[in-house]
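A short reminder: the numbers here are calculations on the coordinates, not readings from a lab. What you see is a predicted model; the values in this text were computed from it and never measured. Positions of Cβ are generated from backbone atoms using ideal geometry, with glycine treated the same way; all protein chains shown enter the neighbour counts.
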Amino acid sequence: MFTSLLDAVVAAEAQGATLAAVALAAEAKDQGRPVAEIRAALARALDVMRGAIAEGMTGEHRSNSGLVGGDAAKLRTGPAGPLAGTPFRDVLARALAVQEVNAAMGVIVAAPTAGGAGVLPGVLTGLAAAQQVPDDRVVDALATAGLIGAVIAERASLSGAEGGCQAETGAAAAMAAGAAVEMLGGTPRQAYHATALAQQGTLGLVCDPLGGLVELPCVFRNATGAAIALAAIEMAMAGVEFAIPADEVIDVMGEIGKEMDVRYRETAGGGLAATPTGRRLAKERLVQIKRS
Amino acid sequence: MVSLLDIIGPVMVGPSSSHTAGACRLGLLARGLVGGTPEKALLELHGSFARTGEGHGTDKALVGGLMGFRPDDERIRTALDIMEHEGLDFRFEKTTLGEEPHVHPNTVRLTVERQGRTSVMQGCSLGAGRVMVTEIDGYPVEVTGNHHTIVLVAQDVKGSVARIAGLLSDNDINIATLKLTRREPGGDAFMVIEVDEPPALSVRDAIRDLSWVKWAFRLDKVSG
């Protein structure tokens, strides 16, 4: 697989191909598997993603601790805000839905991780529904997202314990932004800028879950991560370019992660987890889990 | 090498790839050491597994794995109830298995018993669902579950590796990695063989039939 997103963009441009096509070809070569088999696995992932969204939208899922759940349904049926009826609101609802299902031990696709699993399905399926994108192009978009995630895994990290939330929902936003731009007809170069625009918007984001549980703020970080991806997509497709190359933005995300204090890397020692309310809720809810 | 399908996957029961999917895979591997669902098990949780395991369903995922559920099996949610219903005697303890960084924060030691055989396995969850078994019955190992794996203890006799390798190639099974360790010269040899093709039970039994092999088990591939 590629370890530089720019290398993948240059390869795609030279072949007049998409990032998805060069990613699938590289994966087929690396793993010794036919492209059709890889696409079939990605199609299954897409089915699971859609299943999780449908489950989450019912509003019937509560997490183990009861801290999160039911908010995706509020965006679906609750009072209108200024963005009611737009894909933006729908994408937020979908991202919340997947993450609420995850917190309730439902079936999801870790993409790239379970804690950041809402962003990519939220953005891709939400925009695909709004623009009537056929499924085979959504599957291609998952391949593009996988390429971007693989580059991030190689150059930085995809683990909150190693790099904070910038490496989980931040990475997911970067993957979703690049993938969606290509899915919607943008060029590999535009996808490259979208990736950089999304990742830069999450630099420094800490991983601070209450009680160390993948619940709060994780569920909401997936919605705000999706919002950052949408901002990046809109800008990149309008022709906005980001002067720092995506590979360098990814590198610096990794460096920031390494310098991040351990309190901000999934240990519940800092950030929202260490607020007075965060500590109180974690204590109450963990007692509740032990009783249940 | 990073694979696209590692990034877009695994399909799993939430909420945590390390604390849930990884824990389930460790349970699946330990199950292989006694050739099926243990009748009795002691699960010693270390570090983050002990601290936040309950909130992440680590207990349910480990038990689910021991009962043969894969990480995407929704029965993991009710694994503790199923365990009770099946009359399985699984017990949890929180413990400290050593100092970090020698012991990974997400580590569990499983003592499993079935049909008169007992085995002890220690393993950790590395993140994104990836796992590493670090010790089996006191022998240091590195089993990832990315391959089908055969583990065996044999008397330290000359030509044992060649005999096993021949047996595998006769069955059209390709060896990916092979590691041999022993505690002292002439003592028991411990062999971990990762193979590309899933070995049939008959292959395991053929290995068991060798007079110098004390025991042999097949661990199924748990990832990919």
For the A:Gln31, A:Ala274 Cβ pair and Förster radius 51 Å, calculated FRET efficiency rounded to 0.05 is 0.75
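Relative to the compact-globule scaling 2.2 N^0.38 Å, provide the ratio for the alpha-carbon radius of gyration of region A:111-256. Mind dumping the intermediate values first?
Values: Rg = 13.8 Å, N = 146, 2.2 N^0.38 = 14.6 Å.
The reported ratio for this selection is 0.94.
How large is the Kirkwood hydrodynamic radius of region B:52-128, counting all unique pairs of alpha carbons, in Å? Numbers along the way, then the final one.
Details: mean 1/r = 0.0727 Å⁻¹.
Mean inverse Cα-Cα distance, inverted, gives 13.8 Å.
Over its Cα atoms, what ratio of radius of gyration to 2.2 N^0.38 Å does the protein assembly as shown give? Show your work: numbers first, answer last.
Values: Rg = 23.4 Å, N = 516, 2.2 N^0.38 = 23.6 Å.
The protein assembly as shown yields a ratio of 0.99.
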Per the charge dipole of chain B (beta-carbon charges, Lys/Arg positive, Asp/Glu negative, Cα centre), the residue among B:Ser18, B:Val34, B:Ala50 reaching farthest to the positive end is B:Val34
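What Kirkwood hydrodynamic radius, in Å, does region A:69-114 give when the mean of 1/r is taken over all pairs of distinct Cα atoms and then inverted?
Details: mean 1/r = 0.0889 Å⁻¹.
About 11.2 Å for region A:69-114.
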Mean projected area, convex hull of alpha-carbon positions in region B:112-178, reported to one decimal in nm², is 6.1 nm²
Hydrodynamic radius by Kirkwood for region B:4-137, inverse mean 1/r across distinct Cα pairs, in Å, is 14.3 Å
Sorted largest first, the C-alpha extents of chain A along its principal axes in whole angstrom are 59, 41, 41
Relative contact order of region B:148-219 (C-alpha contacts under 8 Å, at least 6 apart) in percent is 48 percent
Between the alpha carbon centres of region A:156-202 and region B:107-158 the gap in Å comes to 37 Å
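Would you mind getting me the FRET efficiency between B:Leu167 and A:Ile244? Use the beta-carbon distance for r and R0 = 56 Å, nearest 0.05. Numbers along the way, then the final one.
Numbers: r = 57 Å, r/R0 = 1.02.
According to the calculation, E is roughly 0.45.
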Long-range alpha-carbon pairs in region B:84-224, meaning those over 21 Å apart, account in percent for 49 percent
Once normalised by the length of chain A, the mean sequence separation of its alpha carbon contacts under 8 Å that are 6 or more apart gives a contact order in percent of 20 percent
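According to the Cα gyration tensor, what semi-axes, each the square root of 5 times an eigenvalue, does the equivalent ellipsoid of region B:148-219 have, listed from largest to smallest in whole Å?
In descending order the semi-axes read 19, 12, 11 Å.
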Here Rg/Rh (Cα, Kirkwood) for region A:1-112 equals 1.12
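Using Cα pairs under 8 angstrom and six or more residues apart, how large is the relative contact order of region B:4-137, in percent? Kindly include the intermediate steps, with their values, before the conclusion.
Working: 291 pairs, mean separation 45.4, N = 134.
Reported relative contact order: 34 percent.
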